[in-house]
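The values are calculated or read from the model by the stated rules, or taken from the named source; none is laboratory data. From a predicted model like this one, the values you see are computed outputs, not experimental measurements. Note that we place each Cβ from the backbone using ideal geometry, even for glycine, and neighbour counts take in every protein chain shown. Ligands, DNA and RNA are excluded from the accessible area calculation, which covers all protein heavy atoms including side chains. Shrake-Rupley method; radii C 1.70, N 1.55, O 1.52, S 1.80 Å.
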Amino acid sequence: MRDAKVPSYRFLPLLTMGAGILVAMSAVTHARLGMDAALNLQTMTLSFFACVSFTLIAGALTHWSVTRTAGEMLVGRIVNAVENWEKETLRSFVEMSVWLGVMWSTFSVTHRFGMALVCGTMSGVAAALCGEALTGACRELQQQLRIACGESSEGSTSLASGSGLLLLIYGSVGLSMIYHHVSDIVIAGLLAGAGGASILVAARLITWWAPTRRAGIMLQDRILDTRQNWRSFPLRSAIEAAMFLGVTVGVYAGHHSLLLAIQAGFLTGMTVCLLGEIVAPTQATLAGEKDPSSTLVTICACVWGAASGCHWIFADMPTHTSVSFRAQICLAIVGGVLLHVAGRMVAATGWGRRIAAKLQRRLFLSLDYLREHPLQTASEMSCSCAAAIAAWRVTRGVQTTVLLGGLALLVAVLATDWICRSTVTSPSTPRGAEDRAPRRVASVAPPDAHARAVTLAELRSHSTRGDCWVAVHGRVYDVSDWHDLHPGGRIILDYAGRDASDQFELFHPPSVKHKLRSFLVGSLVDAEPEPASTTAYRTLRAKLWEEGYFEPSFAYSLMKQLLSLTCIAAGASLLLAAPPTPLLHLVVAPLLLALGVQQAAFLAHDTMHNCVFRERKRGITWQRQLLGQFNAGFVTGISRSMWLEEHNMHHAYTLRPHVDPQFTYFPLWLQTAKEVPKWLGALPTHRKARRVVWLIARLLNRTQHLTWLPLVMGVGRFNLIAISWSFALKRHSYTDVLAMAIHLMLYAALLGYGLPNVRERLIFTLVHYIAIGTLHVQLLASHMMAEQFTEEEEAAMGVFKTQLLTTRNIRSHWWSHWFHGGLEHQIEHHLFPQLPRHQLSRVAPMVRTLADQHGIQYMELGFHSAVFLCLHELRNMSSALAAFGNPNL
Ligand code: HEM
């Protein structure tokens, strides 16, 4: 049984938010600026930037003690947005309207991007701060007024959201509409009165017929008990009144026909009241024995009446007027009601009960779904809106538009449900509870009757390419004839004759465990005891698998993908469409593009670690390859296979001198003296060549703290592209070559179309590549100059301690997490590479506790501190090479 009260009330803030946006748009339109101006690409880009700048300002203010309180309050407005809209609807409404209204109007008047951004952001901040200062005072004032009027100060929900102010806003908008469109207050009053009266008459009439009686009584109550309704349900009443008034006045303005306007107002008012009853039933209805929405016939009749009415009214209206836009909003609402009705009808047949329940839940619990599955909801809404808009453009028919919009929504809901079946849970189920259903993953291969005893010495004796045994969790496997076919590549040979239990767990999805059996030789009988920290780590890993922490969230990844593409689209559209100012074209656009590429690189990283797809699609599947190639090759422009091979090695033997391919930089930068002896042994034998190499290495070593940051930022990206091409061509990885070539061609085309000359294109590329260099700094800062261990040292310490000592976390905040792409939890990522990004922060406290219990350092630093630490340590090591003396020159 659905809990009607909670979701219905939660629906209201959503409606109000929509109304807030409409009010802001309406304000812009009334300033005779045109709706098109408010909706074009630049305005959308502007809104995107305004969100960013608001967030940055809020975050920045928290860093200074004087402004900390204000900053924290602003941060609270962003972080707890949903809660704010629920608890302080009016305030949120005002803030948003002011923010958007000021920004859009400024842009429309001045056509200056920066000015609009600054004005919008400042007004948003000011509105939020004023709201904070005024809310308490307003409530107090209202309480006093009520008491002065002899009313009880208790028990009014309207006080909580300051209904007085809300009324004022709706009232002023209503009045301004009347002023702009009708210009005769008497006619406007007449219109409203006549429309209201016709609703009352209709309500009276439908109470006479049994199936529609409840709806009739409800409508009567809404009109006759106005005062009580406004007091108990201020938002609902305000929305109903605004829509009723808006349609009536709007239609009169468009057609100058009183009759038409009254009829339109009547139909709209009735529909909206009934809709209100469904989404926000009165206390009396809630207490009643029947579901208020069971008055199916009435709703059906009203919806069809409204649809036909709308068709009649809007059919020949010019589409460029603001009325057509409002008509589209009405259509969306009507479409929603239709969907509900369709759901109920299907439910009546029995076979469609499941589908209907899904649709109804989606409609009634829309806010919950929006919160839990924002992408799914957004994609459904966009499908529906796109279909509705397309239908409107093609047919100009209201009925077709409503039907197609509703139908598209229906199909989209079913399709997304099917696609994300495993991620969608009922909102009543605690988030992730279903995901975390016990899923036992054997950490040890099942016993096998043919297994024989294998000693450690025997295992070690099978350590060549042609004779390769590997131990995993106490079992020994012979992969001599198979390692060439190993999907993970030659890394398996690095573990020939050794125990690879933890490394095996790092990379393989659980399904691979079943494949081990065919290689089984026997059981290891005299395995060396593992360190206590390793045992605890393995227990934690098994627990995390069991509790479902490793389950990826496709929706989360989709969101990240959209974020990346949005940044890229914003950057590209700025370059192609914005006024050609140096700030926009040579600074903002390349930075945005860099941000998009950086986010795509993070997503490629997630994908390759099996953190995106679930179940059957997990592991090396075509879906993973495709998404990985898209983000790594096509968007980021680097070789997917190169990155995968080197990165897996980096995870298997992190920072091991000379072996970790992603952290061996000597002689460019010396991280540990352990790197030197082997390098000295490999110096050229010719005396002069030896001397030159030695002198160059000394010079590089002496200046390494000075060259590090400039090289990483300035050359890192060029270097990565160069080695990607060389790797892909050498290994004949033609999909990589193709993706990287398309990337470069599109980049070149973008520069060619967007910028007029070579100089600007060069500057753009430099800014863009240097900005991407930040990503390289991010990656290096969490490992560089940490301790480095040889293979023997690693074996003695165990994997847990090794990973903790070779890795450090970067402290991040709610607003900077996305920027670090989850890699700020580098320790957790290294311990559990297949752990999805959104789970890293949840696992971090567990790892920290484990580290404390075993007395192992868990290092977490701020981003800047980590960079400074690297610089500091590089400087400390800058004379280390000299300490080795003259190598026999
Ligand atoms: C002992 C026998 C082993 C067997 C039977 C085995 C089997 C496999 C299989 C079937 C895959 C493909 C998994 C998928 O579809 O995602 C795979 C991938 C991989 N394996 Fe192994 N493996 C073994 C040992 C090792 C060892 C010792 C290492 C070294 C650390 C290793 C490293 C990898 C890596 C890096 C991948 C690629 C993972 C990815 O790209 O997602 N494997 N292995």
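Before moving on, here are some points about what is shown:
- Environment charge of Gly124, counting only residues whose C-beta is closer than 11 Å and scoring Lys/Arg +1, Asp/Glu -1: 0
- Environment charge of Gly71, counting only residues whose C-beta is closer than 14 Å and scoring Lys/Arg +1, Asp/Glu -1: 0
- Multiplying the residue separation of Phe868 and Leu562 by 0.36 nm and subtracting their alpha-carbon distance yields 106.8 nm.
- Positive-end residue, segment 533-645 charge dipole about Cα centroid, Cβ charges, pick of Leu575, Leu562, Leu627: Leu627
- Relative packing of 113-120, 585-592, which averages over residues the other C-beta atoms within 10 Å, highest first: 585-592, 113-120
- Rounded to the nearest Hz, the phi-derived 3J(HN,Hα) couplings of segment 595-604 under the Karplus curve 6.51 cos²θ - 1.76 cosθ + 1.60 (θ = phi - 60°) are 4, x, 5, 4, 5, 5, 5, 4, 5, 4, where x marks glycine and proline.
- Per the Cα gyration tensor, segment 762-806 maps to an equivalent ellipsoid with semi-axes of 36, 8, 6 Å, ordered largest to smallest.
- Computed from point charges on the beta carbon alone (+1 for Lys and Arg, -1 for Asp and Glu), the dipole magnitude for segment 746-857 about its Cα centre is near 580 Debye.
- Once the 1.4 Å probe is applied to the protein heavy atoms, segment 448-576 comes out at 46 Å² accessible per residue.
- Unit charges on C-beta of K, R, D, E only; dipole of segment 607-700, Debye: 260 debye
- Under 5 Å, built H, 5+ apart or other chain: amide partners of Arg475: Leu524
- Counting charges near His732 (Lys, Arg +1; Asp, Glu -1) among other residues having Cβ under 15 Å from its Cβ returns a value of +1.
- Three-way shape call for segment 590-654 based on the alpha-carbon gyration tensor, with the a/c threshold at 1.5: oblate
- Summing Cβ point charges (Lys, Arg +1; Asp, Glu -1) relative to the Cα centre of segment 530-649 gives a dipole of roughly 220 debye.
- In order along segment 877-886, the phi-based Karplus estimate (6.51 cos²θ - 1.76 cosθ + 1.60, θ = phi - 60°) of 3J(HN,Hα) comes to 8, 6, 10, 5, 5, 4, 5, 7, x, 6 Hz; Gly and Pro are listed as x.
- Based on Cα contacts under 8 Å between residues 6+ apart, segment 783-879 shows a relative contact order of 32 percent.
- Listed residue pairs exceeding 22 Å between alpha carbons, taken from Lys678/Lys730; Lys617/Lys801; Lys617/Lys730; Lys513/Lys617; Lys678/Lys801; Lys674/Lys801: Lys678/Lys730; Lys617/Lys801; Lys617/Lys730; Lys678/Lys801
- Percentage of interatomic Cα-Cα distances in segment 595-722 larger than 22 Å: 51 percent
- Global geometry of segment 686-737, whether rounded, prolate or oblate, following the gyration tensor of its Cα atoms and the 1.5 cut on a/c: oblate
- Taking amide H positions as modeled 1.01 Å from N, with prolines and chain starts lacking one, the residues under 5 Å from Leu861 and 5 or more places away or on another chain are Asn809, Ile810, Arg811.
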